[in-house]
Each structure stands twice: as C-alpha cells, then as structure tokens.
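Have a look at the structure below, then the notes.
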Amino acid sequence: MPSPVPQLVWLGGTVMDVPVADTRPAPIRRLAVLKLDHIGDFILGMRAMRMLREGFPDAHITLVCASWAVDWARQSGLVDSIVPFDFFPALTREWDRSPERIRQLQDAVAASLQDTYDLAVDLRYGDDTTPVLYRIQARYRAGFPAPIEPGLPHLDLIVPYPQAIANGELRARSLQAELRLQMLAATVVAAFGAPQPHPIRACLTDSSPRPASARPFALLSIGAGTAIRSWPVEHYAEVGRALIDRHDFDIVILGGLAERQNAERLAALLPEARVQLAIGRSLAELPQLVSGASLCVSNDTGMSHLSAALDVPTVVVLSGQDRMEVWRPAGINAVAIGGWTPCQPCGLKEPGDCRWGVPCLHAVTVAHVLEACERLLGRMRDRDASTSAPAGVPNDPTNILA
C-alpha cells in the first residue's frame, strides 16, 4: 500500500492562505433581513432580529415581512425600514407550491428591494424564500442551506439546519425553531460584525509600558498534548535563528514542565544571549506573557489558541491527528499550516504509531513557516503604518519573564 502523499493546506483567518490584506469583512452599513412567513414564525424570529440589531448597531436594517407583521415590526424598534410583501397567503392551505409561482414571488421580492446591501439574511429555512437572496444586490448573503441556481450568486455563509439530528442509531431531539434562528443570527454577527476583544483579555494583569530600549521578542511554543503533534526541535531552532537575523527578535521558549528537556535542547541551538526559557509558568501568568510577543510560532496546543485570541501574529503547525479545519486557532492574525493526507484524522498519540512517518506534520518545512511569519509581520507593519495612532513601545521580555 503506497504512503499517502501530503498536500499542504494553509488555514488563515477566513481564507485558505496567509492573507496579504486584512480579511475582515467591510463594515456592514446596510442590512436586509427577510422574514416572509406567518405570525408565529415572526414571533419566533424576534430574538434573532434583536441579535442582529445589537450585532450591527450602526447599520440601517431593512426588514421584508408579511403585511400582517408590519405593526409588530415597527413597534419592536428592531429595524429602520420595512418592506411589506405577502410571499405566503394568510392561510397555509391556500399556498400555491408550483415552481413557476415560487419563482415569480422570488423575483417580485427582489424587485421590491432596489437598494444595494452589504449583507442580506433570510431568517427562514426552505428552498422557497432563501433563493430571494440570490437576486438581491448584496455583498454577502447568509442563511440556511438552499439549492444552488446556476448563474446566480449563492450564499456566502450557510448554517446547517438541525431539523433532525441523527448519529447512527442514536437520534437526538431536534433544535427548537426559535433557537435555530438565534443560531443563524449569532453566526452572522460573529462572521460579519465588528471584531470584539476576546474575553481572555480580562486575564491580562499588567498594562504598564515597557522600556523603549528593549528588543521585541518572538515566542516558540513547543508544548503539545501528544507527541505526534510536535514539530521537530531542529525546525524551531532554524525558525528562531532566522527571526533573530531578520527582525532582531529575542526568543522566548514556552512550554510546560514536560517540555523542559526539549526546551533546553532548543535553547542550546540558539545564541545564548538572545534566548530565554519560560517553562512551567502558571496559567495566570501566560496571558500577559503571550500578549507581549511580536510573533508566536506554535505546535497545535492551547498556547496557539491563547496567542490567536490575543491577536498576536500566530503561526501554528498542525498534524493530522485531529481535524485541522475544526481545531485550528481562530483569529484574524492566525494562520495554521498542515499537510493534508487521506488518513486523517487518525487520533494517534505517538509518532511511531504512524506507519507513514507522520507526513502530515513533516510536510510543513521551515520555509513554509518563515513565509507565513514574514507575511503576517508584513501585514502588521502595513496596518501600523496606515493608522494615525502612535506606534507602540517595543516589548521587553525581561520585564515579563522576571
């Protein structure tokens, strides 16, 4: 049986590469919301509408709803303008389900919305109203799954529809209708709303300025929950030397007590005057330490998520031990790199357990990691140069690690 050939996968922010420009969506100024169903459906959707209102407080929200819901929509104060449209008859039994009639209604709803929107959302599941989004002039479209129509733009964000949840012989209870809509609204706000500081920032303890004479530092986080996730120490050493040469960074090696031996071996491969160990630090100290870094290169471990949550430029090396697309760190300044192979996720613990020699991990070279580092650091420099705020004071690792 031939060895699986790895295919390198870059996972960064919301795109499959390290972005050169900021990948956050443009601010949502005009939002169209479809709620074209009946009275009970409108009530079930009001919490979701409130979530959209709170998630886009500065946006002009246009609601398209049935005429019988207009008064409630106006009295709710959740929207700025209302377009009445009776897509369905007042009595469900009078509904004409013919494809021709549905297509006519879809076109008519879109014709009633002549403006251009930054985002359009359908707070309903079904192949009847959601295709209206394809016909609206919008930068982004979001909703539950619906059929693709050739020649028309599809949805940019699709939330699975958990009407019936089954897992083999186990059948779970379905998610209640109101909660489904709230799940969609929460996903839309998370994807397109203004970025919010991560709650981990509440754990930062020291905001005092650091001496301007100190060099910035990069973290090499070599911990891993399982050995099969550990990128070779020699690779980390090459990355560390390059960061010292190219950016004059000091290097801080981060890990738990279990990593002390590897950390000391890594430190011995780096210039003694430019490296410090941060081994076995308490969890209470780590947010402050990580937040001060100019860059973090990490295995797939908790520190990668911490670094990404603190918006530190973060490059993570993944193995296929678990699902890369699920467990990669989330953050606009984070990129994860791994080699995709058909045998993942394998769930193995030790490198020796892999009959192929862990190609998913070893497909990632020093050159790949350094390219990701350079592009992330370049993006941060460009962002700093484009802002009118004064430049920050360089970080001082000696202050943090004392």
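Multiplying the sequence separation of Asp115 and Leu204 by 0.36 nm and subtracting their Cα-Cα distance, what value in nm do you get?
Working: separation 89, 0.36 × 89 = 32.04 nm, distance 4.45 nm.
Additional length available on full extension: 27.6 nm.
Take the alpha carbon gyration tensor of the range 30-192, find the square roots of its eigenvalues, order them as a ≥ b ≥ c, and report rounded if a/c is under 1.5; if not, report prolate when a/b exceeds b/c, else oblate. All intermediate terms of the calculation are to be shown ahead of the outcome.
Details: a/c = 1.26, a/b = 1.13, b/c = 1.12.
Because its axes are fairly even, with a/c under 1.5, the range 30-192 counts as rounded.
Put a dot 7 Å past each Cα toward the Cβ at Glu371 and Ser282; how far apart are the dots in nm?
Reported label-point gap for Ser282 and Glu371 is 4.3 nm.
Only bridges with both residues in the chain count here: give the DSSP antiparallel percent, nearest 5. Write out the running numbers ahead of the final one.
Numbers: 10 of 53 bridges.
Taking every DSSP beta bridge within the chain, about 20 percent pair in antiparallel fashion.
What FRET efficiency would be calculated for the residue pair Arg260, Gln196, taking the C-beta separation as r and a Förster radius of 25 Å, to the nearest 0.05?
Working: r = 37 Å, r/R0 = 1.47.
Approximately 0.10, to the nearest 0.05.
Counting each DSSP H run of 4 or more residues in the chain as -39500 (n - 2.57), what helix-only mean residue ellipticity at 222 nm follows after dividing by all residues, to the nearest 500 deg cm²/dmol?
Values: 13 runs with 129 residues, N = 402.
About -9500 deg cm²/dmol.
Quick check: the angle from helix 39-55's long axis to the longest principal axis of the chain, C-alpha only, nearest 10 degrees?
40
When DSSP beta bridges are limited to those with both residues in the range 30-192, what percentage is antiparallel, rounded to the nearest 5?
Working: 3 of 23 bridges.
Given both bridge residues lie in the range 30-192, the antiparallel proportion sits at roughly 15 percent.
Bear in mind these aren't lab numbers, they're just calculated from the coordinates by the rules spelled out. Keep in mind that this is a model prediction, so the values were computed, not measured. Please note: Cβ atoms are built from the backbone with ideal geometry, for glycine as well, and neighbour counts cover all protein chains shown.
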